[in-house]
Amino acid sequence: MARKQRTFTDKIAKGTGPRGEKCPVCGEVIQTVMTVRPYKSKNGNWRYRKAMANVCKCNSKEVLVDKVDIS
């Protein structure tokens, strides 16, 4: 059995474009981003809470909007 010959344009098309899994709701590629939110500690000092979040078109407003977290 002979191997399939790929043209140069086929090789370029394979390497370009968005990579990753797609959201089943909106169809966009899911990106992982780090969110950093400031909060005041018990001592009154400002600290930062870092968290990783998966973001796509349908949930970007909920994830990227500042939230008040009292904890």
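Listed values, structure above:
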{"item": "Single residue of the stretch 29-45 satisfying the filter (surrounded by 10 or more Cβ atoms within 10 Å (Cβ to Cβ) and under 30 Å from residue 19 (Cα atoms)) that is nearest to the chain's Cα centre (by Cα)", "result": "31"}
{"item": "Flag if residue 65 is in contact (Cβ under 8 Å) with a residue 24 or more places away in the chain and at negative phi", "result": "no"}
{"item": "Residue count for the stretch 1-18, restricted to those that are among the hydrophobic types (A, V, I, L, M, F, W, C) and modelled with pLDDT under 75", "result": "2"}
{"item": "Checking residue 21 against (1) surrounded by fewer than 10 Cβ atoms within 10 Å (Cβ to Cβ); (2) in contact with an Asp or Glu (Cβ under 7 Å, 6 or more places away or on another chain), the condition it does not meet", "result": "(2)"}
{"item": "Residue in the stretch 57-67 that is touching a strand residue (DSSP E or B) at 6+ places or on another chain (Cβ under 8 Å) and of a type in the set (D, E, K, R) present", "result": "yes"}
{"item": "Residue ID - modelled with the highest pLDDT, chosen from residues in the stretch 19-45 that are in a loop (DSSP other than H, G, I, E, B) and charged (D, E, K, R)", "result": "42"}
{"item": "Tally, over the stretch 9-27, of residues that are of a type outside the set (A, V, I, L, M) and either touching a helix residue (DSSP H, G or I) at 6+ places or on another chain (Cβ under 9 Å) or farther than 11 Å from residue 56 by Cα (or both)", "result": "10"}
{"item": "Residue within the stretch 2-18 that is in a strand (DSSP E or B), surrounded by 10 or more Cβ atoms within 10 Å (Cβ to Cβ) and without any contact (Cβ under 8 Å) to a residue 40 or more places away in the chain present", "result": "no"}
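The values are calculated or read from the model by the stated rules, or taken from the named source; none is laboratory data. Treat the numbers as computed from the prediction; the structure is a model and nothing was measured. Positions of Cβ are generated from backbone atoms using ideal geometry, with glycine treated the same way; all protein chains shown enter the neighbour counts.
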